[in-house]
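Everything below concerns the one structure shown next.
The values are calculated or read from the model by the stated rules, or taken from the named source; none is laboratory data. This is a predicted model, so every value here is computed, not measured. Neighbour counts run over all protein chains shown; Cβ positions are idealised from the backbone, glycine included. What goes into the accessible areas is simple: the full protein's heavy atoms, side chains included, and nothing from ligands, DNA or RNA. Shrake-Rupley method; radii C 1.70, N 1.55, O 1.52, S 1.80 Å.
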There are 2 protein chains.
Amino acid sequence: MPPALPAPASASASWPRPLPNSTASVVSSLNSRVAAIEADLGISAAQQTISINKVDVSNFPKNFRPKYESLTSKILTPEMYAANCNLVGPRNYTFDMAIQCGYDGRSGTGMAIPDQESYYLWKDWYDFIIDKCHGHPPDAKHFTDLDSSHVDISRLPADLDKYCISTRIRAARNISGYGLPPASTRSERREVRDLIVEGLAGLTGELKGKYFGLDTMSPAEEKQLQDDHFLFQMPDPNAMIFACGGVRDWPDARGIYHNDDKTFLVWVNEEDQMRVISMQKGGNVPEVFKRFALGINEVEKVINAKGKIYMYDDHLGQFSSCVSNVGTGLRASMHILLPKIIDQIGQDGLEALCWNKLEMQCRGTGGEHTKAIGGRVDLSNQKRIGKTEVELVQIMTDGVCTLIELEKIAEKGGDIKARVAAM
Amino acid sequence: MPPALPAPASASASWPRPLPNSTASVVSSLNSRVAAIEADLGISAAQQTISINKVDVSNFPKNFRPKYESLTSKILTPEMYAANCNLVGPRNYTFDMAIQCGYDGRSGTGMAIPDQESYYLWKDWYDFIIDKCHGHPPDAKHFTDLDSSHVDISRLPADLDKYCISTRIRAARNISGYGLPPASTRSERREVRDLIVEGLAGLTGELKGKYFGLDTMSPAEEKQLQDDHFLFQMPDPNAMIFACGGVRDWPDARGIYHNDDKTFLVWVNEEDQMRVISMQKGGNVPEVFKRFALGINEVEKVINAKGKIYMYDDHLGQFSSCVSNVGTGLRASMHILLPKIIDQIGQDGLEALCWNKLEMQCRGTGGEHTKAIGGRVDLSNQKRIGKTEVELVQIMTDGVCTLIELEKIAEKGGDIKARVAAM
């Protein structure tokens, strides 16, 4: 509890009066005794008790034009707000701080996850928005499968690499016991960096590489990483992660690891504590997936040896700073050439086909809302949660096979419109 | 205290074990009893007790390249950090949040003031940085004088308006009991807006005007305010006020009041709760000052009638969101034409003269670091604290008189260099 304010020069009787002595002394005594018990238990070394003003529904964000709209700004009700606004987790990150990116940031979901504890504090709301965002009901379970041998690749054509330019799989991991980037303290961010860097330092063979700290790299290293398109930039001020506090102290304790072949990449303390990326030219999905899983598992071993585990929940799956990425947080993507399909049904038609029939998202050559140059599109799994990593990679693989089969028909002058309509 | 985390699927014995039953139940009982007493006293309606992780000196912001340097980033020591980092005021705004603008923001001082309570919590540090910034030692008192008749204008020349293009006085006011913009809740921001708008609505005569909410104004009103150069913009993401959280929910509860003559302007919930500006063409300092003081005092009467007062402290003076503006927060300025002085000693020479000898700051025509076009400069008081409003306006008035006298000598071909050197 903060000390009482000294009465300012012009204050009068309206200034808060002290509590009646007897009651005040009883409360004070109780407070001291609880503190003594906490000290005895060693609790006070790690935690402190503070008193803060309650907020109520009058603090609900309404009646103004937010800069951006988000799922949060559309579906959060005053009742849901009131149920959560005074529940504050151990990192002092409030519900108001978590929804702020839904009003000030350019974010689809607009809901940050500051730490594991806050997920359980605000679980009803999180499970509600996760269902709205991902179609994953509150009682649904999430399962993990990182075994690349479980992916059925029998349909992949022999001439795959004629169509497939590159394959990439990425997902996030966060370590339990530390804040996610929106809420992590500087010391947590540094400890997380040290743990991950130690884990990465143990990688051997194909995964062996080097870590470059954004806060310590030399200008020559910076230039090299830029030339390789590996260097991530400070997120812009409209980004979700900026608006929820995840860009504080940039570039403190952020960095990039890559293997010597530049096919395995780890971003440290960007939007998540760890973002793991596996990629290579061509369409060898199992190779990319296997490398991805190996990297994640090898780092996990080092982390486990330190008594730490990745954040995980049976309903939510893997945690992430943003509600849009919970579950697997996995995005498996391939850059594929489909010029003949686009000739017949247009890029819009292809995007609709992928989204409505193939559980995939189709983007243009340069990402969302860009044009497919020379018929080159970026195909990826639509879902993130409620299916395992293997299932999501399978969906992407099967979808790509289906599309290449269609492309081959179109190449031979066949009309694919009726086939697409029948799918 | 947040509920204990459910053990995740892969957790084992490393997961925190519950306290021994007997001690846990005693602590729990004490907690319930304290809560019951609080409820009985009506405390729980306004405040809640939460447990948060303590931070320590390992969380000190060091060993990284901050985007900007600030006074805070230069003078804050690990010891000062450790003394303050676990003291949290009633708005849950931490010391870490207050210094963040000193590392992520483009700010000279880099230290936010979230509320009156936090000033008293972190007083040793605030008084230290205020002294470093303003030369106002911890034991110094601040005094207020808003009586424009106390300004001696006998030296102002009869042909003042030949040299003086315009005069402007501005200062901030904040209402006690609410957070300053970095920490204010939405409901506080709205209550503050309502209080100020009610106060402004009572203004009569010359001060009578209209309030335009940034969140409610029509496109036509927006255009008119833009054309009048009255409309303040959302502070950019590098601004101090952005980096300390004062731009949340923009444009919620922000707005502009101006009188019919457009000589009296109030910004609501921009960098401070209230920024009052009085201005007009020519050099009639008393008229500008009188209008400024009248507006502030009339709004204060309405606020007082509601049982509220402006934030004030005998050492600090008026509060402001930024340490650079505490004290009077007053900037009295005149746009003056001094082409002949600049011909002889250059703009740099004039700026040095103002700063070193006249307790004034001299800026170019378009503000800091701009060129003086046609000899037009912006002259203002250098200090903000430790002198009264009358004294600061007097300093500016006297300085302007001295400079106009020099300009007249230079106009007649006299050499002013020796005079300047002897000042």
Here the correct list, in nm and shortest first, of distances from A:Met423 to the same site in the other copies, label points 7 Å along Cα→Cβ, is 7.9
Counting sequence-distant residues (5 or more places) and residues on other chains, those with an amide H built under 5 Å from that of A:Met274 are A:Arg173, A:Asn269
Each residue of A:182-194 has, on average, a number of other protein chain C-beta atoms within 10 Å of its C-beta equal to 3
The summed charge of the A:Phe143 Cβ neighbourhood (under 11 Å; Lys/Arg +1, Asp/Glu -1) stands at -2
Residues meeting the amide H criterion for B:Thr370 (H placed from the backbone, H to H distance under 5 Å, 5 or more places apart or on another chain) are B:Gly364
Counting other chain Cβ atoms within 10 Å of each Cβ in A:52-61 and taking the mean gives 6
Isolated cysteines for chain B, Cβ-Cβ cutoff 4.7 Å, are B:Cys85, B:Cys133, B:Cys164, B:Cys322, B:Cys401
Across B:82-88, the residue-averaged tally of Cβ atoms belonging to other chains within 10 Å stands at 2
Spelling it out for B:Ser176: with amide H atoms placed in the peptide plane at 1.01 Å from N, the residues 5 or more places away or on another chain with amide H under 5 Å from its amide H are B:Ile309, B:Tyr310, B:Met311
Of B:166-178, B:294-306, ordering from highest average Cβ density within 10 Å down gives B:166-178, B:294-306
With no solvent term and unit scatterers on the alpha-carbon positions of region A:320-394, Debye gives log₁₀ I(q)/I(0) at q = 0.25 Å⁻¹ of -1.11
Hull surface over four for the Cα convex hull of region A:283-423, reported in nm², is 9.7 nm²
If you rotate chain B onto chain A, the residue of B with its Cβ nearest that axis, and the gap in whole angstrom, comes out as B:Pro237, 2
Label points for A:Gly367 built 7 Å along Cα→Cβ; distances to same position in the other copies, nm, shortest first, come to 3.1
Rg/Rh over Cα atoms for chain B, Kirkwood Rh, comes to 1.05
The answer for chain B, counting only DSSP H helices whose Cα atoms cover 27 angstrom or more along the axis and whose Kyte-Doolittle average is -1.0 or greater, is B:21-41, B:285-305, B:389-411
Label points for A:Asp124 built 7 Å along Cα→Cβ; distances to same position in the other copies, nm, shortest first, come to 4.4
In the neighbourhood of A:Ala239 defined by beta carbon distances under 11 Å, the net charge of the other residues (Lys, Arg +1; Asp, Glu -1) is -3
Helix-only [θ] at 222 nm, chain A, -39500 (n - 2.57) per DSSP H run of 4+, per residue, nearest 500, equals -11500 deg cm²/dmol
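Would you mind telling me the share, in percent, of accessible area of chain A contributed by carbon and sulfur at probe 1.4 angstrom?
53 percent
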The B/A contact buries a total accessible area, at probe radius 1.4 Å and rounded to the nearest 100 Å², of 6800 Å²
Listed residues B:Ile99, B:Ile75, B:Ile277; largest mean-square fluctuation, Gaussian network over chain B with Cα springs below 10 Å, found at B:Ile75
Note to self: Kirkwood Rh of region B:232-353, Cα pairs, one decimal, Å, is 17.2 Å
The Cα extents of the protein assembly as shown along the principal axes, largest first and rounded to whole Å, are 97, 73, 48
